[in-house]
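Novice: Structure below; questions to follow.
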Amino acid sequence: MINLLNYETFFLLYADGELSPAEQESVLEFVQQHPSLEEEFSLFCRLKFNPGKDLVKMDTSILKKEIKEDLETLYAFEPDLSITCPNKSALYKKEKGAIVYGFRMFAAAAAILFTAGILWLVMGEKQQDASIVQLAIPVQQKKPMSSNPEDAFVSAIGVRESNIQNATEIQQAGHKPNAVKAIAAAVLPSLIASTVANTAALQQDVQKENAGLQIGEDEERNQINIDASKASIIDASAKPTPRGNLSEATLVAAAERMAINAVPMSSEPNAAVLINAALKTEKKSALSSLIRIINRRLLNEQEPPADKKFIQVANFYIPVNK
Amino acid sequence: MTEKEYNDCVDAHADGVFRFILKNLQHEEDARDIVQTAFEKMWKNRSSIVQETSKSYLFTVAYHQMIDHIRKNKRIQLVDTFEEGSRVSRGVSPDLKQELEKALQRLTPLQKSLVLLKDYEGYSYEEIGGITALNASQVKVYLHRARLQLKEYVGKLENII
């Protein structure tokens with residue numbers, strides 16, 4: 001509400017045009033009620049600046065931007081759908097999916113038949129004659145260690161020969177690893193006592209046999225060529241006769257290893273390790289023989305001659321209980 | 001903002017911005033440069049500016065450019081170069097408009113801007129506050145002080161005359 005204390009503020013607001021129509025009416029009434037303030041009120045109203053017409057105007061041409069035409073809109077073409085391609089049918093191509101599909105079916109059928117054949121062979125091996133040839137494994141008496149290295153070679157070779165012979169007979173009879181375990185429980189102690197040679201050399205032989213017969217035989221031949229003196233001793237003393245398909249060089253190399261490592265054992269060899277190794281060898285030899293049979297039949301290979309047939313060296317079969 | 005809208009803003013607001021800056025600086029070349037700078041800035045930011053807010057944007061940019069220009073150059077003489085005696089001795093006719101112009105130059109740049117924005121463009125206290133970075137109450141107080149100074153100067157002149 002305007003009064004003599006705040007009239008100046010209302011006069012300024014009136015000059016600024018910030019009052020509502022009702023408030024402007026009240027200010028005008030106040031001025032009429034106080035004529036002494038009329039001159040001051042008019043002065044406030046005149047203290048307003050109006051844009052003059054004679055003011056210098058700015059050249060706006062330098063401010064404006066050139067309007068670029070939308071070329072894509074102005075020069076756009078629409079496709080003429082009445083134009084079509086003649087002889088469109090000659091452009092069609094047939095997919096080669098039928099031929100590919102037939103080949104794939106044939107390949108799948110061949111793979112299935114091959115897999116079935118493998119399984120049949122494997123199952124046939126397992127269902128082979130369950131009767132185990134009860135072969136009496138000769139009990140090798142422990143021979144006293146002599147200082148003469150030649151005697152040690154002879155005894156070691158003799159043990160090996162008998163073990164190899166037994167192993168060959170057992171393999172030919174087609175014994176099962178599980179059935180061999182029963183026999184091993186009966187003859188194991190005597191068998192352990194008969195092995196005078198170094199157990200470490202036997203374990204190494206087992207590991208080499210698992211790797212492959214061919215590799216082991218090559219290493220044995222190399223060792224024979226290097227040390228001719230040891231071979232002459234063996235030939236003069238023992239002259240081992242090849243058993244099965246073993247070559248003379250193989251036996252010489254085996255005897256050589258045993259002679260080098262002929263150290264009396266302080267403790268009995270670990271029978272469980274030997275049994276497990278033999279079982280593993282047995283399993284792998286059966287699978288490897290199966291694979292060899294299949295490869296020969298597929299590739300129409302001839303059976304190797306008897307004198308060159310590969311057989312594991314120094315691999316003895318310990319019958320164990322299932 | 002399209003190119004056409006920008007050119008429409010030039011036609012609508014270029015004179016007002018120029019007038020505002022010219023009244024403050026009293027120098028045509030400087031005012032032209034400031035106006036051109038303001039429009040260039042609006043052109044660069046045209047993607048984020050709508051035509052409805054282009055006027056306030058132009059005045060805001062021009063005002064701040066003007067303040068920076070004043071601080072750098074200090075062209076405006078705020079000292080009273082006229083004596084009351086000389087005014088009377090010369091017998092100048094009481095041309096209120098000219099006196100107001102002279103009185104306007106006696107104000108600070110901020111007060112001058114507030115008066116011109118209010119009288120020339122008709123902005124409200126809030127709109128003036130948006131341009132000058134003040135709130136509405138500050139605009140009201142500063143503007144009233146400026147008018148009282150104008151009244152005092154012109155009133156003295158009229159009393160003398």
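The values are calculated or read from the model by the stated rules, or taken from the named source; none is laboratory data. Keep in mind it's a predicted model, so treat the numbers as computed, not measured. Every residue, glycine among them, receives a Cβ derived from its backbone with ideal geometry; neighbour counts consider all protein chains shown.
Novice: Which one is modelled with the lowest pLDDT among residues in segment A:39-61 that are over 30 Å from A:E8 (Cα atoms) and within 7 Å of chain B (Cβ to nearest Cβ)?
Specialist: It comes out as A:L55.
Novice: Additional query: Can you say whether B:S54 is part of a helix (DSSP H, G or I), among the hydroxyl-bearing types (S, T, Y), farther than 28 Å from B:L110 by Cβ and modelled with pLDDT of 90 or more, as far as the supplied structure shows?
Specialist: Spelling it out, it is not the case that B:S54 is part of a helix (DSSP H, G or I), among the hydroxyl-bearing types (S, T, Y), farther than 28 Å from B:L110 by Cβ and modelled with pLDDT of 90 or more.
Novice: Would you pick out the residues in segment B:119-140 that are closer than 20 Å to B:H13 by Cβ, within 12 Å of chain A (Cβ to nearest Cβ) and small (G, A, S)?
Specialist: B:G122, B:S124
Conditions tested, residue by residue: (1) surrounded by 10 or more Cβ atoms within 10 Å (Cβ to Cβ); (2) modelled with pLDDT of 75 or more; (3) closer than 30 Å to B:A12 by Cα.
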position: A:E69; (1), (2), (3): no, no, yes
position: A:T73; (1), (2), (3): no, no, yes
position: A:T84; (1), (2), (3): no, no, no
position: A:K88; (1), (2), (3): no, no, no
position: A:K93; (1), (2), (3): no, no, no
position: A:A98; (1), (2), (3): no, no, no
position: A:A107; (1), (2), (3): yes, yes, no
position: A:T115; (1), (2), (3): yes, yes, no
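Novice: Got a sec? Which of B:L104, B:L150, B:L143, B:L116 is within 11 Å of another protein chain (Cβ to nearest Cβ), among the hydrophobic types (A, V, I, L, M, F, W, C), buried (at least 19 other Cβ atoms within 10 Å of the Cβ) and within 18 Å of B:H64 (Cβ to Cβ)?
Specialist: The conditions single out B:L116.
Novice: How many residues does segment B:19-72 contain that are touching a residue at least 24 places away in the same chain (Cβ under 8 Å), among the polar types (S, T, N, Q), more than 13 Å from chain A (Cβ to nearest Cβ) and farther than 21 Å from A:P51 by Cα?
Specialist: 3
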